[in-house]
Amino acid sequence: MSEIGIVGTGVMGAVAAEKIAGAGHNLFLFDVSEKSLTRLAHLKAPALAQPRLVAEKAEMVLMFLPGPAQVEECVAGAQGLLKGAKEGLIIVDHSTVDPGITQRMAQEAERAGAAYLDAPVLGRPSAVGNWALPVGGDPEALEKCRPVLEALAGNILPVGPSGAGNKIKLLNQMMFGAINAMTAEMMAVAHKMGVDPKLLYETITASRAGTVSNLFKELGARIAQDDYSNPTFSVNLLIKDVHLAVEMARQNGAVPLLGQTVEYLNSLARSQGHGNEDTAVMWKSLGEIYG
């Protein structure tokens, strides 16, 4: 494949566009944000006015969108991909959404003669090229687009039917939320006790203890620097992901006790005005309660 569309050129979509352009593919872009597209102007890839126009040009379209509503609009909306889809188009959704929306969009795509895969990203933006992609959907479609996806991922894992990739990603996000919340709570308690959070972070990371995850190191570094702008992952996005995960668990008869607590703490941070900041800021949210 050489004609590749990217719908959604935010943080993840932008790093993906760089990699795919570097692998020699022709790109066609769509995003509702002119600012996001401007950041990729050096790629000289056409920015098209609607997803439909991307589908008319591309053999394969990758989506990096904020949530289920945006996915549905970009796939099945009045100007969506399926309105311009040629026979054999493959749509790969890298967004974090629920399995239900993926299954509905896959059915719509099949009716339009297109294939639809869910391949949510496990990995941070800086790890592009070494992401893990759990892929749900038709194995044959996956093999056709594997050469393109290999520019983004070190591990491409077929995990089952449509929506299976989403299930794994949402379970991962439940764990992300728990680590984030515990880091925030620990730092807030430390501050209340008179222990400098920067000193705490540096001491724990120096220990190489089993508690020192890559996520803790990333969150702790931001806390040490008191830097929550230009988020790697915002509180608002974490709220969306954890909510989807909690609802998925409930629908399957498993009430997620810790997940519900994390969901509450995330919402508290947003209510205090931290929604657009990096999730590391949540220690300040708890600190406001502790006084």
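General observations
- Note on the chain: antiparallel DSSP beta bridges, both residues inside, total approximately 10 percent of the bridges counted.
- Alpha-carbon centroids, the stretch 80-107 and the stretch 112-141: separation in whole Å: 12 Å
- Rounded tilt (10° steps) of 139-149 against the dominant C-alpha axis of the chain: 70 degrees
- Candidates D241, D98, D226, ranked by Gaussian network fluctuation over the chain, Cα under 10 Å, top entry: D226
- Rounded to 10°, Cα long-axis angle of helix 99-111 versus longest principal axis of the chain: 10 degrees
- Candidate lysines - alpha carbon under 21 Å from K144, same-chain residues fewer than 8 apart omitted: K19, K57, K86
- Rolling a 1.4 Å probe across the protein heavy atoms gives the stretch 29-121 an accessible surface of 43 Å² per residue.
- Percent of Cα-Cα distances greater than 17 Å, calculated over the stretch 210-269: 53 percent
- Each Lys and Arg Cβ is given +1 and each Asp and Glu Cβ -1; about its Cα centre, the chain then shows a dipole of about 240 debye.
- Accessible area per residue was computed with a 1.4 Å probe on protein heavy atoms; R250 scores about 100 Å².
- Euclidean distance of C-alpha centroids, the stretch 16-59 and the stretch 206-241, integer Å: 30 Å
- With both residues required to sit in the stretch 50-141, DSSP beta bridges show an antiparallel share near 20%.
- Prolate/oblate/rounded label for the stretch 51-195 (Cα gyration tensor, a/c 1.5): prolate
- Gyration tensor (alpha-carbon) shape descriptor, the chain, a/c threshold 1.5: prolate
- Degrees separating the helix 197-207 axis from the principal Cα axis of the chain, which is the longest one: 80 degrees
- Overall, the accessible surface of the chain at a probe of 1.4 angstrom is composed of carbon and sulfur to the extent of 55 percent.
- For K192, the lysines whose Cα comes closer than 24 Å to its Cα, not counting residues fewer than 8 places off in the same chain, are K217, K284.
- With DNA, RNA and ligands ignored, accessible area of W283 (1.4 Å probe; Å², nearest 10): 30 Å²
- In the stretch 120-169, the GluC sites (Glu not before Pro) that fall in loop regions by DSSP, at most 15 other Cβ within 10 Å: E150
The values are calculated or read from the model by the stated rules, or taken from the named source; none is laboratory data. Just so it is clear, the structure is predicted and the values come from calculations on it, not from any experiment. Ideal geometry is used to build each Cβ from the backbone, glycine not excepted, and the neighbour counts take in all protein chains shown. Calculation scope for accessible area: heavy atoms of the full protein, side chains included, ligands and nucleic acids excluded. Shrake-Rupley method; radii C 1.70, N 1.55, O 1.52, S 1.80 Å.
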